[in-house]
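Notes follow once the structure below has been shown.
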Amino acid sequence: MVSRKNTINLRSLLTIFAVLVTVLWCGANTITTNAQTTPRRVPMDFTGDGRSDWATIANSVVGAPLRWRIAGNPALPGPNQAFIREFDYGIAGNYENPPNNIRDYIYPDDYTGDRKTDVVVWRPGAPGIFYVAEFPIGTGGITLNRAVRWGQAGDNISPNNPVFNPIGDYDGDGKADYTAVRASSSGDLTWYIMSSATGAQRAVPFGTLAGFPEGGVYVFPGADFNNDGKDELVLVTTIVEFGPLTYYIGDSTTGAGVMTRQFGVFETDYSVAPADYTGDGRADFVAVRQNAAGTPATWYINNSATNVTTAANFGISDPTFEGGQDMPVRGDYDGDGRLDIAVYRRSNQNFYYFRSSTNNTVVDGQKFGAPGDEPLASYAIGYVY
């Protein structure tokens with residue numbers, strides 16, 4: 001799943017593609033300030049308690065069932081009192097060698113509006129199908145809730161890249177929407193979005209592959225940059241292998257540019273999908289710099305509203321990106337409404353995180369997973385590395 005950064009390749013451990021030429025962004029840096037009222041979805045919160053749960057995916061062979069392992073993240077002071085569920089759902093693929101070896105794309109999110117993350121895979125085909133299952137709280141097996149036809153083979157992928165994740169709440173109803181991004185023969189991108197609540201459909205032109213090297217364009221999950229409860233479209237690009245990354249943020253209804261921000265360096269950083277780390281209701285940009293091997297990694301968080309960047313050392317650096325040390329994960333593990341600086345250490349199967357509720361002064365964590373597992377909070381959320 002993790003490989004050396006020796007080619008221009010924007011990689012996530014799951015998801016889809018895009019980017020927009022600079023001419024579309026002229027005069028597009030104004031942000032509205034309508035306060036959002038819909039409760040924000042918490043990544044990997046399978047129990048609905050407002051805290052991200054501990055979750056991993058077994059590293060299966062191509063064509064084998066996907067094995068999910070999930071432990072509930074309980075309220076303190078009992079961090080080891082979590083319930084544990086293991087189940088098979090979906091078909092494993094090789095995300096380093098698309099498209100021939102891809103089976104199911106892993107897209108867990110809250111599609112039903114109950115504030116609980118659903119177990120979801122998207123299977124490309126003619127048509128593509130989202131298979132949505134509610135997380136099994138009791139002792140029974142997992143049960144399919146709905147199968148939604150949306151997208152087609154060739155969507156949600158770009159040349160020389162593994163899968164990307166375009167999923168977001170693009171109508172502000174608190175539910176993730178079914179989304180597929182498709183490239184035309186000229187490389188122009190269209191986002192096909194279907195409301196999970198009403199079934200309303202729209203096609204939003206946003207971005208292009210033209211003018212960028214193979215692997216130089218990537219799409220992150222939607223994120224709310226103006227605190228109105230609706231996610232914007234998120235694209236990130238690099239022109240050269242060792243160069244900076246540029247984020248393009250677009251309106252999810254019109255495709256108009258909302259913001260452009262250069263942040264992070266392809267050669268040295270994990271670039272984590274944007275989310276609210278500062279508590280102002282707006283998504284922030286995150287780059288996790290890999291310093292000398294074995295030394296602390298540095299988390300740089302750029303406030304999207306103020307353009308102020310803070311830095312904190314957390315986790316163990318792996319400048320080779322071979323995956324032997326700490327992998328950034330994305331979640332709100334202390335339940336304070338802000339995402340936490342967090343990693344999964346695969347050498348000992350431990351999640352570690354700074355409690356944002358203590359202003360990053362207390363480290364907490366949980367041992368969970370099996371040797372060889374990938375953390376779902378990075379596999380299904382995505383980052384560039």
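The values are calculated or read from the model by the stated rules, or taken from the named source; none is laboratory data. The structure displayed is predicted, hence computed values, not measured ones. Backbone-built Cβ (ideal geometry, glycine too); neighbour counts: all protein chains shown. Side chains are part of the model used for accessible areas, which takes the heavy atoms of the whole protein and leaves out ligands, DNA and RNA. Shrake-Rupley method; radii C 1.70, N 1.55, O 1.52, S 1.80 Å.
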| remark: With criteria (1) surrounded by fewer than 20 Cβ atoms within 10 Å (Cβ to Cβ); (2) at negative phi; (3) not β-branched (V, I, T), G294 comes up short on (2)
| task | Quick one: S185 ticks every box in (1) free of Cβ contacts under 8 Å to residues at least 12 places away in the same chain; (2) among the polar types (S, T, N, Q); (3) under 30 Å from D114 (Cβ atoms) except a single one, so which number is it? | result | (3)
| task | Could you tell me whether R123 is under 20 Å from the mean Cα position of the chain (by Cα), among the basic types (K, R), open to solvent by 50 Å² or more (accessible area, probe 1.4 Å) and at pLDDT below 95? | result | yes
| Matching residues in region 287-329 - criterion: being modelled with pLDDT of 95 or more and of a type in the set (D, E, K, R) | R289
| Within region 226-248, can you find the residues that are more than 19 Å from I193 (Cα to Cα) and either open to solvent by 10 Å² or more (accessible area, probe 1.4 Å) or in contact with an Asp or Glu (Cβ under 9 Å, 6 or more places away or on another chain) (or both)? | N226, N227, I239, V240, E241, F242, G243, P244, L245, T246
| What number goes with the only condition from (1) under 16 Å from D224 (Cβ atoms); (2) out of contact with any Lys or Arg (no Cβ under 9 Å at 6 or more places or on another chain) that A287 does not pass? | (1)
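Yes/no matrix, rows are residues, columns are (1) under 25 Å from F266 (Cβ atoms); (2) in contact with a Ser or Thr (Cβ under 9 Å, 6 or more places away or on another chain); (3) among the β-branched types (V, I, T):
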{"site": "P124", "(1), (2), (3)": "no, no, no"}
{"site": "G154", "(1), (2), (3)": "no, no, no"}
{"site": "D173", "(1), (2), (3)": "no, yes, no"}
{"site": "V204", "(1), (2), (3)": "no, yes, yes"}
{"site": "G216", "(1), (2), (3)": "yes, yes, no"}
| Hits in region 298-321 (condition: part of a strand (DSSP E or B) and either over 17 Å from S356 (Cβ atoms) or of a type in the set (S, T, N, Q) (or both)) | T298, N302, T309, T310, N313, I316
| query | Restricting attention to region 188-197, which residues are over 21 Å from I106 (Cα atoms) and touching a residue at least 24 places away in the same chain (Cβ under 8 Å)? | reply | L189
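Every residue, every condition in (1) modelled with pLDDT of 95 or more; (2) of a type in the set (V, I, T), yes or no:
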| residue | (1), (2) |
| --- | --- |
| I142 | no, yes |
| Q152 | no, no |
| N165 | no, no |
| S186 | no, no |
| Y192 | yes, no |
| P213 | no, no |
| K230 | yes, no |
| request: Having 3 or more residues that are open to solvent by less than 50 Å² (accessible area, probe 1.4 Å) and modelled with pLDDT of 90 or more is the bar; report the strands (runs of 3 or more DSSP E) wholly within region 331-385 that clear it. | output: 342-345, 350-354
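With respect to A183, determine if the residue is among the hydrophobic types (A, V, I, L, M, F, W, C), over 16 Å from Y107 (Cβ atoms), surrounded by 20 or more Cβ atoms within 10 Å (Cβ to Cβ) and in contact with a strand residue (DSSP E or B) (Cβ under 9 Å, 6 or more places away or on another chain). Break it down into steps so the answer makes sense when it comes.
Numbers: among the hydrophobic types (A, V, I, L, M, F, W, C): yes; over 16 Å from Y107 (Cβ atoms): yes; surrounded by 20 or more Cβ atoms within 10 Å (Cβ to Cβ): yes; in contact with a strand residue (DSSP E or B) (Cβ under 9 Å, 6 or more places away or on another chain): yes.
In short, yes.
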| query | Mind checking which pairs have a first residue in region 292-314 that is closer than 19 Å to D224 by Cα and touching a residue at least 40 places away in the same chain (Cβ under 8 Å) and a second that is acidic (D, E) and surrounded by fewer than 17 Cβ atoms within 10 Å (Cβ to Cβ), Cβ under 7 Å, 6 or more apart or different chains? | reply | A305/D280
| query | If you take the residues in region 128-140 that are at pLDDT 90 or above and assigned to a strand (DSSP E or B), which one is farthest from P213 (Cα to Cα)? | reply | A133
| Of these, Y300, Y277, which one is within 18 Å of the chain's Cα centre (by Cα) and open to solvent by 30 Å² or more (accessible area, probe 1.4 Å)? | Y300
| Does D173 qualify as being surrounded by fewer than 17 Cβ atoms within 10 Å (Cβ to Cβ), under 29 Å from Y277 (Cα atoms) and touching a residue at least 60 places away in the same chain (Cβ under 8 Å)? | yes
